[in-house]
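Participant: Okay, handing you the structure first.
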Amino acid sequence: MTGSFDILIVGIGGQGTILASNILGKACLLEGRHVKGAETHGMAQRGGSVESHIRIDGQFGPLIVPGWADLLISFDLLEALRYSHYLKRGGKMVVNKHLVLPTSVFTQKIAAPTEDEIIAKLKSYDLCLLDADAIAAEAGSVLAQNVVMLGAAAGSMPLSPDSLVAAVRSLVPPKTIEVNTKAFEMGRAFGTQC
C-alpha cells in the first residue's frame, strides 16, 4: 500500500511509549530515513491508553491502518490484545508480560480477561513475550522497561542497532545513559531468542 515499515507502540500513560517512539524517530533521522509518526492519548493522566504510530519510509499519512502494522510493540498485555487488529498477517508482536487492569474493572465491576487468557489469544500471532520490567530492573532501573522493549524488537526492525543505541543515548536523561544502554542490549539479547 505505501511501501512503509509500520510500527505501532502501545501502552498506558507513564510507561514511556512516547520516549520509545521518539527513539525510533531519532534512529530513522540518524540513518537518513524518512519517518512519520503520531501519538494518540487516552486520558491525559497516568494510566490512560497511549498509542504511537511510526511509519518508516512511507509516502502517506502518519497513522497506521488496522491490519497493516508490520510490528506491534506493547508495554502491557491488555493493550496488546486491544490493538492486535492493527497487526498484519505475518507481522511480529513484542509484548511485555505486564498487566494493568483498567479502573472500570474495579469501579463498575466489569470482568477482565486473565493474564493466561490474554496470552492464549496472543499466541496466534508471531509473539515474543518477555518480562521487560524484570530485565530493566536487572539492568539498573525498572523505568528502562521501554528501552528493553525496543531492544527486544530491534531484530524485527529495518534499523541498525547502532542507530537505535545512538538514539537512546541522545534522548534519555544523561544520568541514565548507561542503564538505558544496558537495558537496550539486554532486551536485544532476549529478542534474539524469539
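Participant: Report, for the chain, the % of DSSP beta bridges that are antiparallel, rounded to 5.
Facilitator: Within the chain, antiparallel bridges account for around 50 percent of the total.
Participant: Follow-up. Using a cut-off of 13 Å between beta-carbons, work out the net charge of the residues near TYR125 (Lys and Arg +1, Asp and Glu -1, TYR125 not included).
Facilitator: In short, +3.
Participant: Explain nothing, just the number: relative contact order of the chain, from Cα pairs under 8 Å at least 6 residues apart, as a whole percent.
Facilitator: With pairs under 8 Å counted, the relative contact order is 21 percent.
Participant: Then there's this: Using a 7 Å offset from the Cα along the Cα-to-Cβ direction at both LYS97 and THR192, what is the distance between the two label points in nm, to one decimal?
Facilitator: 2.1
Participant: HIS34 label point, 7 Å along Cα→Cβ, cut-off 19 Å on backbone N: hits in the range 64-80?
Facilitator: 64-65, 69-70
Participant: With θ set to phi - 60°, apply the Karplus curve 6.51 cos²θ - 1.76 cosθ + 1.60 along the range 60-66 and write out the HN-Hα couplings as whole Hz, x wherever there is a Gly or Pro.
Facilitator: Ordered by residue, 3J(HN,Hα) equals 9, x, x, 8, 7, 7, x Hz.
Participant: Let me ask you something else. For SER49, enumerate residues with amide H under 5 Å from its amide H, sequence gap 5+ or separate chain, H modeled in the peptide plane.
Facilitator: Residues meeting the criterion, in which the H sits 1.01 Å from N, are GLY13, GLY42, MET43.
Participant: Which one of ALA134, PRO113, ILE7 has its Cα pushed farthest toward the positive end of the charge dipole of the chain, where Lys and Arg give +1 and Asp and Glu give -1 at the Cβ?
Facilitator: ILE7
Participant: Separate question: Around LEU78, with a cut-off of 12 angstrom between Cβ atoms, what is the net charge of the other residues, counting Lys and Arg +1 and Asp and Glu -1?
Facilitator: After counting each charged neighbour, the total is -1.
Participant: Follow-up question, since we're still on this one. Could you point to the residue in PRO62, GLY25, ILE177 farthest towards the positive end of the chain's charge dipole, with +1 and -1 charges on the Cβ of Lys/Arg and Asp/Glu respectively?
Facilitator: Checked the options; the winner is PRO62.
Participant: If the only charges are +1 at each Lys and Arg Cβ and -1 at each Asp and Glu Cβ, what is the size of the charge dipole of the range 5-191 around the Cα centre, to the nearest 20 debye?
Facilitator: 260
Participant: Would you check the chain for Lys pairs whose C-alpha atoms are within less than 23 Å, ignoring same-chain pairs closer than 8 in sequence, and give me the count?
Facilitator: 15
Participant: Could I ask something else about it? So what J values fall out for the range 73-81 if you push phi through Karplus, 6.51 cos²θ - 1.76 cosθ + 1.60 with θ = phi - 60°, rounded to Hz, Gly and Pro as x?
Facilitator: Whole-Hz 3J(HN,Hα) from phi for the range 73-81: 10, 10, 8, 8, 4, 5, 5, 4, 5.
Each value in this text was obtained by applying a stated rule to the coordinates, not by laboratory testing. Model, not experiment: these values are computed from the prediction. Here Cβ is always computed from backbone atoms with ideal geometry, including for glycine, and neighbour counts include all displayed protein chains.
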